[in-house]
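The numbers here are math on the coordinates, done by the rules we state, and not lab data. The structure displayed is predicted, hence computed values, not measured ones. Here the Cβ positions follow ideal geometry from the backbone for every residue, glycine too, while neighbour counts run over all protein chains shown.
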Amino acid sequence: MSDFLKPDSEGRVDGRRLRSERSRLAFVDAVLVLQEEGVLVPTAQQIADRAGVGIRSFFRHFEDMESLFKAIDDHIRDSYEALFISGDRSGTLEERIDGMVRRRADAFESVTNITQGTRAQLWRYQTLRDNYARNQRGLRKDLDNLLPELHSLPDETRQSIDAITSFEMWDRLRSHQGLSKTASVNLLRTLLKTVIPAD
């Protein structure tokens, strides 16, 4: 439970704190909606406008953009990670590869805008760099857990697999090479089955 929503010694929730928390979430939601609409790097003014409040209210709740990004990460982290680790994870090597590629394809499609917005600002904000690095570590760990066969492969091969299954690869196929989702999934499965030994 957020500190804002913790009851006091008599079991009451402070109304002002509850309103403050709701206002903070309104700003977080505003960023996510703007990015979904294609505004990948919204300004504080655009965020305040979408939340329906003045810009001064924004800076009463967030000291700077770094603190906003932390609030967004806290808000979406669990649902973001669930996109990649849900679903059936059993079966043969080929079945697990197929399932992983489809799962990542669906996940990458749903977070394309927020990921592109994050990448566009990595140079500017340490919080975003830290969050992005944590997510990359999580994806690599999930890959190792899903495909233990990778543990015995040379490091060069594992690095290749990490690149093939990355958002950057997916975004290149979809955004720069113009492939459909189905064609991109089929290409990645073929690449992985070529790189990963069958036995």
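Relative to the Cα centre, what is the charge dipole magnitude of the chain, using +1 at the beta carbon of each Lys and Arg, -1 at the beta carbon of each Asp and Glu, and rounding to the nearest 20 debye?
460 debye
Count charges around Asp73 for me, please; just the other residues with Cβ under 10 Å from its Cβ, Lys/Arg as +1, Asp/Glu as -1.
Summing Lys/Arg as +1 and Asp/Glu as -1 gives +1.
Select from region 13-111 those GluC sites (Glu not before Pro) which occupy a DSSP coil region and have at most 12 other Cβ atoms within 10 Å, ordered by residue number.
Answer in residue order: Glu37, Glu63.
For q values of 0.18, 0.20, 0.23 Å⁻¹, compute log₁₀ I(q)/I(0) with the Debye formula on a Cα-only model of region 98-199, without solvent.
Values, matching the q order: -0.92, -1.10, -1.33.
Dividing the alpha-carbon radius of gyration of the chain by 2.2 N^0.38 Å (N being the number of residues), what value is obtained?
1.23
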